[in-house]
Amino acid sequence: ITFMALADNSLSGTIPSVFESLQQLEVLDLSNNLLFGSIPFILQLNKLNIGSNFISGNIATTIGSMTRLEVLDVSNNLLIGNLPSELGALSKLESLHMNINGFTGALPQTITNLKKLE
């Protein structure tokens, strides 16, 4: 499986860790559901859309290891805290949606490393 789109359902609960074991998975769209917990850590993803759920907590510094990401949408969730400087390591990122959350603090200076952002 390389592409999984489960958006606009009424899926609830935490995002299962089984997604982390799908080594060929490149696109995961779980947007517009009732999911909670934290952002999944799936190294090989090109696109991760978990917008419009109830994902909470901080964005972990491990996000910087997801270097294949081209699209990241975590908008309209319950995320809080400072944005980690490790976001700057996502050099392939073309689209970043983080609106409608509870982020605080200044943007990390490393955000200027994201030269492909549209």
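Does residue 39 meet the test of being in contact with a Pro (Cβ under 9 Å, 6 or more places away or on another chain), on the phi < 0 side of the Ramachandran plot, crowded, with 17+ Cβ neighbours inside 10 Å and not small (Gly, Ala, Ser)?
In short, no.
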Region 35-49: number of residues that are over 18 Å from residue 2 (Cβ atoms) and among the β-branched types (Val, Ile, Thr): 1
Condition first: surrounded by 15 or more Cβ atoms within 10 Å (Cβ to Cβ), part of a loop (DSSP other than H, G, I, E, B) and out of contact with any helix residue (DSSP H, G or I) (no Cβ under 9 Å at 6 or more places or on another chain). Now tell me which residues in region 19-29 satisfy that. 22, 26
Selected residue (criterion: nearest to residue 29 (Cα to Cα)) from residues of region 76-106 that are small (Gly, Ala, Ser) and in a loop (DSSP other than H, G, I, E, B): 91
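Checking the condition touching a Gly at 6+ places or on another chain (Cβ under 6 Å), exposed (fewer than 15 other Cβ atoms within 10 Å of the Cβ) and not hydroxyl-bearing (Ser, Thr, Tyr), which residue from 99, 76, 82 passes?
Exactly one of 99, 76, 82 is touching a Gly at 6+ places or on another chain (Cβ under 6 Å), exposed (fewer than 15 other Cβ atoms within 10 Å of the Cβ) and not hydroxyl-bearing (Ser, Thr, Tyr), namely 82.
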Got a sec? Which of 64, 88 is open to solvent by less than 30 Å² (accessible area, probe 1.4 Å), under 17 Å from residue 117 (Cβ atoms), more than 13 Å from the chain's Cα centre (by Cα) and of a type outside the set (Lys, Arg)? 88
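Within region 8-18, does at least one residue satisfy the condition of being open to solvent by 60 Å² or more (accessible area, probe 1.4 Å), at pLDDT below 95 and of a type in the set (D, E, K, R)?
There is no residue in region 8-18 that is open to solvent by 60 Å² or more (accessible area, probe 1.4 Å), at pLDDT below 95 and of a type in the set (D, E, K, R).
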Across region 42-58, what is the total count of residues that are open to solvent by less than 20 Å² (accessible area, probe 1.4 Å), closer than 16 Å to residue 92 by Cβ and part of a strand (DSSP E or B)? 1
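The values are calculated or read from the model by the stated rules, or taken from the named source; none is laboratory data. These numbers come from a predicted model, not from an experiment. A quick note on method: Cβ atoms are made from the backbone with ideal geometry, for glycine too, and the neighbour counts reach across all protein chains shown. The area values use the complete protein model at the heavy-atom level, side chains included, leaving out ligands, DNA and RNA. Shrake-Rupley method; radii C 1.70, N 1.55, O 1.52, S 1.80 Å.
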